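Trainee: Sharing a structure with you now.
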Amino acid sequence: MNPRPTPVAAAALACLVLAACGGAPADIPAERAATPESDPVELDAIQADTTPPAVPLSDPWATTSLAPGGEQREPLREPDVIYHPTPDEVVAQMLDIADVGPGDVLYDLGAGDGRINITAAREHGTRGVGIEIDPLLVDYARHVAAEAGVGHLVNFVEDDMFEADLSQATVVTLYLLPDLNLRLRPKLLSLAPGTRIVSHNYHMDDWRPDESRQVGESVVYLWRVPEEIPAHLRE
């Protein structure tokens, strides 16, 4: 998301060899729920994972292969931003500022390699959905989640973030660009009051953040969807 994850060239992804890394949604008032443009993602009931846990590496994102059986497919449309992973220390602060936990459902828009959802699941027991338009990255993120032993907590979906149904989200994370944040703003403001929105580096113009943190050369912003939407944000 430096924009957020670049659809990495298929050739570049194909030469990677992956090393092992490692609820319940809030009730959404009908009048404030996002209007679904696509079917909501199914979140299965959490079940015990009987898969032996993968041995975490010091750097789980030092990749070594594309997901087994991955096939090159064209994205639904031209991606909005290039693939650029969020640094691990920024991921940690994004999850901390949002105060995520096992009762949350985290939607990451432009999920890339899935590290935000996977880290939240591994370290906080948080369920989540990664929305990613690049099918190769979707395959990759699913494989990383399985290797990390959190495939039962997270789901990665090949979808357009502007069309996806976000109504189950209690937390939404972004690493996009200012104009994309603004295009998403009405959709985010339609979510349940109290839903936490966290952005890496890019703001929401005159929707002022509730909190921000400097993380090295990055900034993390937090907003909470208000009970009453101010007039200047309704346009």
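Trainee: Is it the case, given these coordinates, that Leu182 is under 18 Å from Ile229 (Cα atoms), within 15 Å of the chain's Cα centre (by Cα) and part of a helix (DSSP H, G or I)?
Mentor: no
Trainee: Here is a follow-up. So the check is Cβ under 8 Å with 6+ separation or different chains; which pairs have a first residue in region 141-170 that's within 14 Å of Leu106 (Cβ to Cβ) and a second one that's among the polar types (S, T, N, Q)?
Mentor: Ala141/Asn117; Ala145/Asn117; Leu153/Thr126; Val154/Asn117; Phe156/Asn117; Ala164/Ser38; Ala169/Thr195; Thr170/Thr195
Trainee: Something else: If we scan region 151-161, do we find a residue that is part of a helix (DSSP H, G or I), surrounded by 22 or more Cβ atoms within 10 Å (Cβ to Cβ) and among the hydrophobic types (A, V, I, L, M, F, W, C)?
Mentor: No: zero hits.
Trainee: (1) touching a Leu at 6+ places or on another chain (Cβ under 7 Å); (2) part of a loop (DSSP other than H, G, I, E, B): which one isn't true of Gly101, the others all being true?
Mentor: For Gly101, the failing item is (1).
Trainee: May I pose another question? Mind checking which residues of region 75-94 are among the β-branched types (Val, Ile, Thr) and modelled with pLDDT of 95 or more?
Mentor: Val90, Val91
The values are calculated or read from the model by the stated rules, or taken from the named source; none is laboratory data. Source: prediction; values computed, not measured. All Cβ positions, glycine included, derive from the backbone under ideal geometry; neighbour counts span all protein chains shown.
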